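Novice: Sending over a structure as C-alpha cells; questions will come in a sec.
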Amino acid sequence: MEKGILIKNGVIITMDSPNKVLHGYALHILDDKINRIAPQAEFSAKYEHEIDANCNVVLPGMINAHMHFYSTLIRGLGKAYPSRDFVEILENLWWRLDRKLELEDTYYSALIMLIQAIRNGTTTLIDHHASPGHIPGSLDEIERAVKQTGLRSSLCYELSDRDGINITEEGLAENVRFIQKCQKEPNDYLKAMFGLHASFTIGDDTMERAVDLAKKYNTGFHVHTAEAESDQIHTMTHHGKRVVERFHDVGVLGPNTICAHCVHVNEHEIELLKDTDTIAVHNPQSNMNNAVGIADIVTLQQKGILVGLGTDAMTVNMLEEIRVAMWAQHLKHANPSEGFMEVVNTLFNNNSKIVERFWGKKIGVLKEGALADVILIPYCPPTPLNDETAYGHLVFGISQGAVDTTIVGGKILMQHRILRINIDEAEVNARSREVAQRLWDRF
C-alpha cells in the first residue's frame, strides 16, 4: 500500500506555464505536496486514498487576491441609508458596520466565508480587515477560523485615521503584532502584510510611520488604490499629488505591495506601478456594484503590471468573478473581443505569481513539487478540451459546475460536497445568526 492520495480518471488542467490539459494522467499527492503527475498506467499500486475523478476536471485551488471577511454579517441588512456615491456607501454602510464589530463578529465573519470558500474551491485568500471598535486581537480571531478550516490566508489590519488617534495607534500595533507573530511562527497557511485603508483616510504622519514599520519588518502593504475618483480628488486637494504618486513618494509601492482596484489611475501612475513592480488587483463585481467604474486591466497588463483578481467580499467563487471580469472589459472597451486573455491571466496565472511572492512556494499550479491545493469540478466536455480550448471551457462551461472536492496541503477538506473538517456547519450558521442579530441591533 503506497502512501498519499491518488487522483485518477480525471482531466488534469495544470495552470502551469504553459498550461497543459492532460488526458489519461493521474496525480499523486504525498504529504503536503504534489509528488508526481504521470500517465495513469504508471500507477499500478494501491494507495491509501484513491479518488476517482471520472467526468471531473482536476484543477489547482483558486486564489482570491483581495477579500474582506468582516463584511459577511451584513448580508440581508436593510438599515443603511440609500447612497448616491462611493463616499456615502462607506459612510452609510461599511464604516457604520466596522465600528460595531466585536471579536466574536470578526471570528464568525471569517469562519462563514472560509467554509464557503471550501465549497467554491477557493483555497488561498488575501484578506483586509477592519473593526475599529475592537482592534487588538482581531487578526487572531481570523487566524483561529483559518486554522479550523485548513485554508491559506494572508491577513492585515486596515490602518486609518478616520476614527481618531487612539484607533490609529491600535491599528499600527495590531499590524506590527501580527507580522511579528507570523515571522516568529512561520508556516504555509498564514502570512501577514501591513494594511492601509486608502490615501484619503490616512494622513502623512501615519503613513510615514507605517512605511517605517513595514521596512523594519520587511513586509509590503495591502491598500485600496484609486477605487473611486473621490480618492484622487481628495489626495490632489490635500497632498498636491495623485494617489499612486503619493504612495510612491512615501515608499508604499514595491513588489510585495498590493494596490487593490486601480480604477482611476492615469498613465504616469501606471508607469510608477510598473517601475516599482507593484501588484494591482482587479475587483470587477465590487467596482460595478459601487458604480465607481471599471479598471482597464488590458492596459495595465500591456504595460507589464502584475494584475490579479479579487472579489472585495462580493463572493468567494472565483469562477463567478472571472466571468464578470470578462463582461466588464468588453463593456469598458466597447469591444466584445477585447480582454479575453488579460482576464484569464488574472485568475489562472497572475494570482499564483502573486501568492508565490508572499509564500515563497508554488501555489495555484498543478506541477510536481507544488503545494497540494487541488479541486475537482464535475465536467464532461461536450467539445474538444485541450491546451488551446481550456480557458474557453473554464469561462463558459466549467465555471457553471459546483466544486465536488477541495484539497489543501494534501488534506481533504471536502469530498462529494460533504465537508471533511471538524466543523458542524449547521451549528456554525445558527450561532452566526445570533451574532448577526446582535450586530444588527447595535447597527
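The values are calculated or read from the model by the stated rules, or taken from the named source; none is laboratory data. As the structure is a computational prediction, the values presented were derived from the model and not from experiment. No Cβ is skipped: glycine too gets one built from the backbone with ideal geometry, and neighbour counts run over all protein chains shown.
Novice: List every residue pair whose Cβ atoms lie under 6 Å apart, where the two residues are 6 or more positions apart in sequence or sit on different chains, the first residue falls within the stretch 233-250 and is of a type in the set (S, T, N, Q), and the second residue, located anywhere, is in a helix (DSSP H, G or I).
Specialist: These pairs meet every condition: 235/199; 235/243; 235/246.
Novice: Taking the stretch 259-286 as the region of interest, how many residues are charged (D, E, K, R) and in contact with a Leu (Cβ under 9 Å, 6 or more places away or on another chain)? Explain how you work it out, then say what you get.
Specialist: Pass one, the stretch 259-286, residues charged (D, E, K, R): 267, 269, 271, 274-275, 277.
Next, only the ones that are in contact with a Leu (Cβ under 9 Å, 6 or more places away or on another chain) stay: 274-275, 277.
So the count comes out to 3.
Novice: May I ask you to list the residues in the stretch 153-210 that are in contact with a Phe, Trp or Tyr (Cβ under 8 Å, 6 or more places away or on another chain), of a type in the set (S, T, N, Q) and without any contact (Cβ under 8 Å) to a residue 60 or more places away in the chain? Don't jump to the end; show me each part of the working.
Specialist: As a first pass, look at the stretch 153-210 and keep what is in contact with a Phe, Trp or Tyr (Cβ under 8 Å, 6 or more places away or on another chain): 153-157, 159, 162, 171, 174-176, 178-180, 183, 188, 191-196, 199, 210.
Then keep just the ones that are of a type in the set (S, T, N, Q); that gives 153-154, 175, 180, 183, 199.
Scanning the stretch 153-210 gives 153, 175, 180, 183, 199.
Novice: Quick check, is residue 123 part of a helix (DSSP H, G or I) and not acidic (Asp, Glu)? Can you show your working first?
Specialist: Numbers: part of a helix (DSSP H, G or I): no; not acidic (Asp, Glu): yes.
The answer is no for residue 123.
Novice: Would you point out which residue out of 22, 27 is farther than 19 Å from residue 398 by Cα and surrounded by 15 or more Cβ atoms within 10 Å (Cβ to Cβ)?
Specialist: Details: 22 fails: farther than 19 Å from residue 398 by Cα.
The conditions single out 27.
Novice: Listed residues 45, 41; which is touching a strand residue (DSSP E or B) at 6+ places or on another chain (Cβ under 8 Å) and at negative phi? Can you show your working first?
Specialist: Numbers: 41 fails: touching a strand residue (DSSP E or B) at 6+ places or on another chain (Cβ under 8 Å).
Result of the check over 45, 41: 45.
Novice: Taking the criterion of being crowded, with 24+ Cβ neighbours inside 10 Å, in contact with a helix residue (DSSP H, G or I) (Cβ under 7 Å, 6 or more places away or on another chain) and farther than 28 Å from residue 397 by Cβ, would at least one residue in the stretch 50-70 satisfy it?
Specialist: Checked the stretch 50-70: at least one residue is crowded, with 24+ Cβ neighbours inside 10 Å, in contact with a helix residue (DSSP H, G or I) (Cβ under 7 Å, 6 or more places away or on another chain) and farther than 28 Å from residue 397 by Cβ.
Novice: Restricting attention to the stretch 1-19, and to residues there that are surrounded by fewer than 16 Cβ atoms within 10 Å (Cβ to Cβ) and closer than 17 Å to residue 370 by Cα, which single residue is nearest to the chain's Cα centre (by Cα)?
Specialist: If we take residues in the stretch 1-19 being surrounded by fewer than 16 Cβ atoms within 10 Å (Cβ to Cβ) and closer than 17 Å to residue 370 by Cα, then 17 is nearest to the chain's Cα centre (by Cα).
Novice: If you don't mind, another one. Just to check your reading of the model, which residue among 321, 338, 356 is among the acidic types (Asp, Glu) and touching a Ser or Thr at 6+ places or on another chain (Cβ under 9 Å)?
Specialist: 321 is the lone residue from the list that is among the acidic types (Asp, Glu) and touching a Ser or Thr at 6+ places or on another chain (Cβ under 9 Å).
Novice: If we keep just the residues of the stretch 71-96 that are surrounded by fewer than 24 Cβ atoms within 10 Å (Cβ to Cβ) and of a type in the set (A, V, I, L, M), which is farthest from residue 262 (Cα to Cα)? If you could, list the steps in order and put the result at the bottom.
Specialist: Of all residues in the stretch 71-96, those surrounded by fewer than 24 Cβ atoms within 10 Å (Cβ to Cβ) come to 71-72, 74-96.
From the residues that got through so far, the ones that are of a type in the set (A, V, I, L, M) too are 74, 77, 80, 87, 89-90, 93.
Numbers: 74: 25, 77: 29, 80: 26, 87: 16, 89: 18, 90: 18, 93: 22 Å.
In this case the residue turns out to be 77.
Novice: Then there is this: Of everything in the stretch 266-286 that's more than 20 Å from residue 126 (Cβ to Cβ) and in contact with a helix residue (DSSP H, G or I) (Cβ under 8 Å, 6 or more places away or on another chain), which residue is surrounded by the most Cβ atoms within 10 Å (Cβ to Cβ)?
Specialist: Taking the stretch 266-286 first, the residues more than 20 Å from residue 126 (Cβ to Cβ) are 266-272, 274-275.
In the following step, the residues that additionally are in contact with a helix residue (DSSP H, G or I) (Cβ under 8 Å, 6 or more places away or on another chain) were identified as 268-270, 272.
Working: 268: 11, 269: 23, 270: 20, 272: 17.
Of everything passing the filter in the stretch 266-286, 269 is surrounded by the most Cβ atoms within 10 Å (Cβ to Cβ).
Novice: Which of the following residues is of a type in the set (S, T, N, Q), touching a residue at least 12 places away in the same chain (Cβ under 8 Å) and either farther than 28 Å from residue 219 by Cα or surrounded by 23 or more Cβ atoms within 10 Å (Cβ to Cβ) (or both): 346, 383?
Specialist: Working: 383 fails: touching a residue at least 12 places away in the same chain (Cβ under 8 Å).
Criteria check complete, one pass: 346.
Novice: Please work out if residue 289 is modelled with pLDDT under 95 and surrounded by fewer than 24 Cβ atoms within 10 Å (Cβ to Cβ).
Specialist: On the way: modelled with pLDDT under 95: yes; surrounded by fewer than 24 Cβ atoms within 10 Å (Cβ to Cβ): yes.
In short, yes.
Novice: Shifting gears a bit: Of everything in the stretch 274-306 that's assigned to a helix (DSSP H, G or I) and touching a strand residue (DSSP E or B) at 6+ places or on another chain (Cβ under 6 Å), which residue is farthest from residue 89 (Cα to Cα)?
Specialist: Just the residues of the stretch 274-306 that are assigned to a helix (DSSP H, G or I), to begin with: 274-275, 284-289, 297-302.
Retained after the next criterion (residues that are touching a strand residue (DSSP E or B) at 6+ places or on another chain (Cβ under 6 Å)): 297, 300-301.
On the way: 297: 24, 300: 27, 301: 30 Å.
Step by step, filter the stretch 274-306, then rank; the result is 301.
Novice: Sticking with this structure for a sec: Can you name the condition, by its number, that residue 433 falls short on among (1) over 18 Å from the mean Cα position of the chain (by Cα); (2) in contact (Cβ under 8 Å) with a residue 24 or more places away in the chain; (3) outside any strand (DSSP E or B); (4) under 24 Å from residue 69 (Cβ atoms)?
Specialist: (2)
Novice: Here's another thing I want to ask about it. Can you tell me which residues in the stretch 211-242 are in contact with a His (Cβ under 8 Å, 6 or more places away or on another chain) and either outside any strand (DSSP E or B) or not assigned by TED's automatic domain parsing to the domain that holds residue 192 (or both)? Give the steps one after another, and end with the answer.
Specialist: Step one: filter the stretch 211-242 for residues in contact with a His (Cβ under 8 Å, 6 or more places away or on another chain), giving 222-229, 231-232, 242.
226, 227, 228, 229, 231, 232, 242 - these are the residues of the stretch 211-242 that are in contact with a His (Cβ under 8 Å, 6 or more places away or on another chain) and either outside any strand (DSSP E or B) or not assigned by TED's automatic domain parsing to the domain that holds residue 192 (or both).
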